[in-house]
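Here's the structure, in structure tokens; my notes come after.
Just so you know, all these numbers are worked out from the coordinates, no wet-lab data involved. No experiment lies behind these values; they were computed from the predicted model shown. Every residue, glycine among them, receives a Cβ derived from its backbone with ideal geometry; neighbour counts consider all protein chains shown.
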Amino acid sequence: MKIIVLVKEVPDTYGDRKLNLETGLADRGASEAVIDEIGERALELALTYADANEGTEVALLSLAPEGATATIRKGLAMGAGSAIHVSDEALRGADLGLTAETLAAAVRRVGFDLVITGNVSTDGSGGMIPAMLAELLDVPHATGLSSVAISDGGVSGSRPVDAGVQTVSAKLPAVISITEALPGARFPNFKGIMAAKKKPLELLTLADLGITADNPEAARSIMLTVAERPPRAAGVKIIDEGDAGEKLADFLVENRLA
């Protein structure tokens, strides 16, 4: 079985995350760049299956700036066998449509039985890439899974819904996305770190994938305006003089909170 795991380099959530006010894009120099934690959990799921099933191939796929190579190699150090790094200046600020189209082309190029992704990234928070990817690949998808079971011919899992827990399944090939309910990632050991330096890491451009960023068949969007979040203002203090309940109700109505 060949499992493709999508990983993404994002600004560390423990750092200072900012937007570039000129471009509207994330200021990736404002904090340390790391693999998104949900991507690491997706990789852990794939590696856990590979550990128990000989012959399983686990490959990473990342769409990231050229300087993200070191971050991607961390995934190789954790245990992935190979990696595909898609980097092109035309992808700078790519919207969900172009991102999904590019990832789908890369997945088709290398072949797959199962694609595993996180449900949502900590920077863009779009949450639509897994479903868009499955649509472009013309395969079933199961998203937002809090438990996963992989077999030779299929994948199943469960996810919380309003009425309880929903169990879903799909035949392979398929795309799934997981939530933070899945186990955290393993730490790379020294042997893995040294081995990662020799594992194949293929760098691809849009031209390699046969994609042009101005393709009229794919939706493209641009940032119109961007501004810094205003500083937090002083709160409203309500003193109970026998009418605190009324004052609170008025405040909620005035601010459209009730």
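Per-structure values
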| item | result |
| --- | --- |
| Inter-label distance for S147 and L224, nm, one decimal - labels placed 7 Å from Cα along Cα-to-Cβ | 4.6 nm |
| Hz values of 3J(HN,Hα) by residue in segment 158-169 - Karplus curve (6.51, -1.76, 1.60), Gly and Pro given as x | 10, 8, x, 10, 4, 8, x, 10, 10, 9, 10, 8 |
| Cα-based helix-to-principal-axis angle, 244-254 vs the chain, degrees rounded to 10 | 60 degrees |
| Most mobile of D243, D138, D113 in a GNM of the chain (Cα contacts under 10 Å) | D243 |
| Global size of the chain as Cα Rg and Dmax, reported in angstrom | 21.5, 73 |
| Top of E246, E202, E101 by mean-square fluctuation, Gaussian network on the chain, Cα under 10 Å | E246 |
| Cα-based Kirkwood hydrodynamic radius, segment 93-220, one decimal, Å | 16.6 Å |
| In segment 60-120, trypsin sites (Lys or Arg not before Pro) in a DSSP loop with at most 15 other beta-carbon atoms within 10 Å | R92 |
| Gaussian network model of the chain, springs between alpha carbon atoms under 10 Å - residue of P231, P65, P140 with greatest fluctuation | P231 |
| Close Lys-Lys pairs in the chain, where close means Cα under 23 Å and separation is 8 or more or interchain | 16 |
| Cα-based helix-to-principal-axis angle, 69-78 vs the chain, degrees rounded to 10 | 70 degrees |
| On Cα atoms only, tilt of 37-52 relative to the major axis of the chain in degrees | 30 degrees |
| The chain - charge dipole about Cα centre, Lys and Arg +1 at Cβ, Asp and Glu -1, debye rounded to 20 | 820 debye |
| Residue order, fewest to most surrounding Cβ atoms within 10 angstrom, among F190, F112 | F190, F112 |
| Inter-label distance for S156 and R232, nm, one decimal - labels placed 7 Å from Cα along Cα-to-Cβ | 4.7 nm |
| Difference of contour (0.36 nm per residue) and Cα-Cα distance, L252 to A195 | 14.7 nm |
| Contour excess over end-to-end distance, with Cα ends at S169 and A207 and 0.36 nm allotted per residue | 10.1 nm |
